[in-house]
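A short write-up of the structure that comes next.
The values are calculated or read from the model by the stated rules, or taken from the named source; none is laboratory data. This structure is a prediction, so every number in the text was calculated from the model and none was measured. Positions of Cβ are generated from backbone atoms using ideal geometry, with glycine treated the same way; all protein chains shown enter the neighbour counts. Only protein heavy atoms, including side chains, enter the accessible area calculation; ligands, DNA and RNA are left aside. Shrake-Rupley method; radii C 1.70, N 1.55, O 1.52, S 1.80 Å.
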Amino acid sequence: QHHGGAQVDIYEKLPVPFGLVRFGVAPDHPEVKNVINTFTQTAHSERCAYYGNVTVGRDVTVPELQQAYHAVVLSYGAEDNRVLGIPGENLSGVYSARAFVGWYNGLPENQDLKPDLSCETALILGHGNVALDIARILLSPLQLLRKTDITDSSLAALACSKVKRVWLVGRRGPLQVAFTIKELREMINLPGARAVLDPADFTGLENAVKDAPRPRKRLTELMIKTALEKPREKPVEAQAAAPREWGLKFQRSPQEVLPTPDGKRARGVRMALTRLEGSGDSARAIPTGEVEDLECGLVLSSIGYRSLPLDPAVPFDTQRGIIPNSSGRVEGVPGLYCSGWVKRGPTGVIITTMNDSFDTAQSVLEDLQGGVLDMSPSREGFGAVESILRSRGVRPVSFSDWEKIDAAEVARGKAAGKPREKIVDPAEMLRLIGH
């Protein structure tokens with residue numbers, strides 16, 4: 001929009017576009033996916049082209065892209081998860097939040113996850129929005145999920161789920177939770193599930209939160225109110241209808257996943273109890289030396305995502321899991337930029353990432369005006385890349401190809417009373433468009 005002559009080509013590893021909006025946003029949050037309409041509008045511009053089914057770093061290298069374009073922006077996000085680094089985390093019944101979310105959202109690489117939902121108690125390690133999403137999906141009434149674009153196979157698995165209690169556990173206290181008030185309120189109001197918050201966790205917090213920023217203050221007040229509310233006398237039928245519950249546990253840090261007697265499965269997590277040093281967002285959790293065992297048959301680790309290096313030619317800070325950059329300009333590589341989680345780490349919501357991309361685009365425009373980008377050679381763009389891909393037997397998927405896949409998904413969904421039924425096998429997507 002800010003440059004009348006700019007031509008933009010988008011390369012994507014999967015045949016289908018939209019990344020985290022398609023594969024990360026919870027299926028019962030369709031309004032969050034409305035940003036897809038803006039993306040689609042952009043993709044329909046004659047100055048924009050989409051090339052799916054192309055893995056950068058394998059099918060075409062970053063230096064090859066730099067030869068073909070005046071500027072290259074990397075915004076491939078965080079496709080791995082942080083590990084707990086504790087004994088037992090590889091036991092059966094322990095999953096990363098990233099894989100679990102990918103499973104119910106139809107991310108091809110997670111389709112064979114087959115999480116075991118045969119236990120009554122699930123433990124989610126983490127106090128962010130993703131942790132709340134997972135808890136909500138595990139405890140939502142099936143009739144609510146049936147109307148969403150959740151995948152057919154995960155719906156079938158959830159229909160047989162025995163999980164009726166979910167604990168969300170964090171190392172720090174109520175004043176450090178990372179979820180937002182909208183997600184918490186949704187969880188509190190979830191039909192058929194009750195919140196179990198220990199009033200002792202919230203005593204004295206009214207004063208501590210007086211001068212906190214407004215979002216933190218409102219969030220804490222909602223937790224306090226929920227914890228202190230007397231359970232309303234429910235008729236017996238209502239109690240029978242609400243056998244599910246969830247709760248927040250604080251100041252516990254996972255030390256070890258405990259195995260069943262045969263050593264194969266998770267049966268609980270040993271927690272180190274912690275005390276806080278410092279206050280606010282910078283408070284640190286220090287183990288007290290005491291431990292507590294929490295029994296559960298399902299452990300979901302939601303402690304954050306992690307970016308991976310894409311190509312040896314691109315500098316990468318493995319400690320911080322980002323491409324070293326200044327305002328999106330990759331250090332020491334003129335004409336190469338980055339945006340999103342690979343630029344500043346896996347934090348924030350969609351709007352944070354949007355603002356971040358505007359910042360990077362601004363850097364590209366400034367470099368264009370300031371003569372940093374070498375505009376003298378005319379660059380062929382996709383013309384040059386196409387011959388490279390052809391020589392390697394790679395056939396890109398166009399945006400109109402995607403629209404055929406999209407139409408097929410919507411038609412399948414309609415038959416089931418859903419907004420869409422996602423196709424989860426890339427080979428089937430490619431067959432559908434005659435590749």
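Can you find a residue in segment 357-370 that is modelled with pLDDT under 95, in contact with a strand residue (DSSP E or B) (Cβ under 8 Å, 6 or more places away or on another chain) and either open to solvent by 30 Å² or more (accessible area, probe 1.4 Å) or not aromatic (F, W, Y) (or both)?
No - not one qualifying residue is present in segment 357-370.
Got a sec? Which of V291, V299 is in the same structural domain as G88 (by the TED database), under 23 Å from Y95 (Cα atoms) and open to solvent by 40 Å² or more (accessible area, probe 1.4 Å)?
On the way: V299 fails: open to solvent by 40 Å² or more (accessible area, probe 1.4 Å).
Just a single option satisfies the conditions, and that option is V291.
Among the residues of segment 174-202, write down those that are free of Cβ contacts under 8 Å to residues at least 40 places away in the same chain and open to solvent by 50 Å² or more (accessible area, probe 1.4 Å).
Residues of segment 174-202 free of Cβ contacts under 8 Å to residues at least 40 places away in the same chain: 182, 185, 188-189, 199-200, 202.
Selection gives K182, R185, N189, P199, A200.
Every residue in segment 376-390 that is on the phi < 0 side of the Ramachandran plot and open to solvent by less than 90 Å² (accessible area, probe 1.4 Å), please.
First, pick out the residues of segment 376-390 that are on the phi < 0 side of the Ramachandran plot: 376-380, 382-390.
Answer for segment 376-390, where residues must be on the phi < 0 side of the Ramachandran plot and open to solvent by less than 90 Å² (accessible area, probe 1.4 Å): P377, R379, F382, G383, A384, V385, E386, S387, I388, L389.
Six or more apart or on different chains, Cβ under 6 Å: which pairs go from a residue in segment 261-288 that's more than 15 Å from V177 (Cβ to Cβ) and at pLDDT 95 or above to one that's polar (S, T, N, Q) and open to solvent by 80 Å² or more (accessible area, probe 1.4 Å)? Could you list them?
Taking only residues 6 or more apart or on different chains, the pairs are R270/Q255; A272/Q255.
Of the residues in segment 24-50, how many are in contact with a Leu (Cβ under 8 Å, 6 or more places away or on another chain) and either open to solvent by 20 Å² or more (accessible area, probe 1.4 Å) or farther than 15 Å from P419 by Cβ (or both)? Walk me through how you get there before you give the answer.
Residues of segment 24-50 in contact with a Leu (Cβ under 8 Å, 6 or more places away or on another chain): 27-28.
Those left that are additionally either open to solvent by 20 Å² or more (accessible area, probe 1.4 Å) or farther than 15 Å from P419 by Cβ (or both): 28.
Selection size over segment 24-50: 1.
Does segment 156-209 hold any residues that are of a type in the set (S, T, N, Q), over 24 Å from R270 (Cα atoms) and under 24 Å from the mean Cα position of the chain (by Cα), and which are they? Steps first, please.
Start the filter on segment 156-209 by keeping residues that are of a type in the set (S, T, N, Q), which leaves 161, 176, 180, 189, 203, 207.
Those left that are additionally over 24 Å from R270 (Cα atoms): 161, 180, 189, 203, 207.
Passing the criteria: S161, T180, N189.
Might you check whether a residue that is in contact with an Asp or Glu (Cβ under 6 Å, 6 or more places away or on another chain), surrounded by fewer than 20 Cβ atoms within 10 Å (Cβ to Cβ) and on the phi > 0 side of the Ramachandran plot occurs anywhere in segment 53-67?
Checking segment 53-67: at least one residue is in contact with an Asp or Glu (Cβ under 6 Å, 6 or more places away or on another chain), surrounded by fewer than 20 Cβ atoms within 10 Å (Cβ to Cβ) and on the phi > 0 side of the Ramachandran plot.
Does L248 meet the test of being part of a strand (DSSP E or B), assigned by the TED database to the domain that holds L190, surrounded by 15 or more Cβ atoms within 10 Å (Cβ to Cβ) and in contact with a Phe, Trp or Tyr (Cβ under 9 Å, 6 or more places away or on another chain)? Steps first, answer last, please.
Numbers: part of a strand (DSSP E or B): yes; assigned by the TED database to the domain that holds L190: yes; surrounded by 15 or more Cβ atoms within 10 Å (Cβ to Cβ): yes; in contact with a Phe, Trp or Tyr (Cβ under 9 Å, 6 or more places away or on another chain): yes.
Against the criterion (part of a strand (DSSP E or B), assigned by the TED database to the domain that holds L190, surrounded by 15 or more Cβ atoms within 10 Å (Cβ to Cβ) and in contact with a Phe, Trp or Tyr (Cβ under 9 Å, 6 or more places away or on another chain)), L248 qualifies.
Taking V21 as meeting all but one of (1) open to solvent by less than 20 Å² (accessible area, probe 1.4 Å); (2) in contact with a Lys or Arg (Cβ under 9 Å, 6 or more places away or on another chain); (3) part of a loop (DSSP other than H, G, I, E, B), write down the number of the exception.
Failing condition for V21: (3).
Quick one: R171 ticks every box in (1) modelled with pLDDT under 95; (2) open to solvent by 10 Å² or more (accessible area, probe 1.4 Å) except a single one, so which number is it?
Going through (1) modelled with pLDDT under 95; (2) open to solvent by 10 Å² or more (accessible area, probe 1.4 Å) one by one, R171 breaks only (1).
In segment 388-415, how many residues are touching a Lys or Arg at 6+ places or on another chain (Cβ under 8 Å) and closer than 15 Å to R146 by Cα?
3
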